[in-house]
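Worksheet for the structure shown next.
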Amino acid sequence: MVVSIRDVAQKAGVSVGTVSNVLNRPETVSSDASERVLKAIEDLGYVRNDAARKLRAGVSTTVGFVVLNGQNPFFNDVVRGAEDEASRHNIAVLYGNTDEDSDRERMYLDLFEEQQVRGVLISPYGDILPRLERLRARGIRAVLVDRFGGNSRFSSVSVDSVAGGRMAVEHLIETGRRRIAFVGGPMDMRQVTDRLAGARVAADNALDPVELEVLATDAMTVEEGVAVGARVLSRPRREWPDAMFAANDLIALGLLQSLILDGRMLVPQEIALIGFDDIAFAAAAAVPITSIRQPSGMIGRTALRVLLEECDDPELIPRQTVFQPELVVRRSTATTRAN
């Protein structure tokens, strides 16, 4: 049974107002009454519902965070950054993973709306802006995470994925690779199309001709990377790419697994490999993977800060915070080639 403030008042032989004063303004209550109330609280096991109290006052103590792929350690680091910032403001972060599923995305947004959270951070899967407009009309602010907001009415915190894609392919070209495969998908994810756009810019601007092949995946997972790697190795050797740019590190790890299990030491001797995100597993792989680093913790902290500022001042003009990516070179793109 849930113990109420009325139960405490009855046991202590005081009014509900006196119990409230002990909890909120103890200096206004006599020591005798205060002792009786505190003993009743201890005996009954009363737990104060601060969340409900603040919600009645019009200020929720929670924000929702909807992430694109909970399997990706990158998003775990982003959420951790948001939680670190939230703790400074006595805010709790409620987390939901859509697994790149629009139905699950809608479910979490409906849930957070029902819970009347203070605001929502979201790494969206598809066209989510109309749904966020509805939340705004209900007084719930939203900030896009890991996706550029462009000219929308919503603030965003992201990394320049176009620049990251260009940086990745420029690095492969500098190491002498000319037949490059971009591996990623689905293609209705903005992060994927932006990274592919950057890759195409680098290929088009190369001094020597560069072939850029697109190998689409159904998801951004290790399993999809393994499947693409197997398909590539089933081709005649002369049709292999000499480099692969994976749209995230999970795909890169799957590609690496396929290429290592082949047993012919293909990375980097015949096929260079680069990923995106620079999760911890990239550096710890059997062949350490070159990757495009995103400042994951900073993205989360910044997004939470922007959200709370907009909750406090709804008249703030939406702003787009864009961090620059960083190339982290490891052995998977070494210039050593087979004879």
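The values are calculated or read from the model by the stated rules, or taken from the named source; none is laboratory data. Bear in mind the structure is a predicted one, so any value in this text is a computation, not a measurement. In this analysis, Cβ positions are derived from the backbone assuming ideal geometry, glycine residues included, and neighbour counts consider all displayed protein chains. With ligands, DNA and RNA removed, areas are computed over all heavy atoms of the protein, side chains included. Shrake-Rupley method; radii C 1.70, N 1.55, O 1.52, S 1.80 Å.
The table below lists the values:
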{"read-out": "Filtered residue count, the stretch 56-92, keeping only those that are open to solvent by 10 Å² or more (accessible area, probe 1.4 Å) and not in a helix (DSSP H, G or I)", "value": "13"}
{"read-out": "Some residue of the stretch 272-281 being assigned to a strand (DSSP E or B), open to solvent by 50 Å² or more (accessible area, probe 1.4 Å) and closer than 25 Å to Gly150 by Cβ", "value": "no"}
{"read-out": "Criterion: without any contact (Cβ under 8 Å) to a residue 40 or more places away in the chain, within 14 Å of the chain's Cα centre (by Cα) and open to solvent by 10 Å² or more (accessible area, probe 1.4 Å) - qualifying residue of Tyr95, Tyr125", "value": "Tyr95"}
{"read-out": "When residues of the stretch 203-230 are limited to those that are in a helix (DSSP H, G or I) and over 25 Å from Leu68 (Cβ atoms), the one most open to solvent (accessible area, probe 1.4 Å)", "value": "Asp204"}
{"read-out": "Test: residue in the stretch 101-117 that is farther than 24 Å from Asp313 by Cβ, aliphatic (A, V, I, L, M), assigned to a helix (DSSP H, G or I) and open to solvent by 30 Å² or more (accessible area, probe 1.4 Å)", "value": "yes"}
{"read-out": "Ala12 vs. criteria more than 30 Å from Arg141 (Cα to Cα), in contact with a Phe, Trp or Tyr (Cβ under 8 Å, 6 or more places away or on another chain) and modelled with pLDDT of 80 or more", "value": "no"}
{"read-out": "Selected residue [in a loop (DSSP other than H, G, I, E, B), closer than 28 Å to Pro295 by Cβ and not basic (Lys, Arg)] from Met187, Met244", "value": "Met187"}
{"read-out": "Number of the exception - Gly184 against (1) crowded, with 22+ Cβ neighbours inside 10 Å; (2) at pLDDT 95 or above; (3) within 18 Å of the chain's Cα centre (by Cα); (4) within 26 Å of Thr302 (Cα to Cα)", "value": "(4)"}
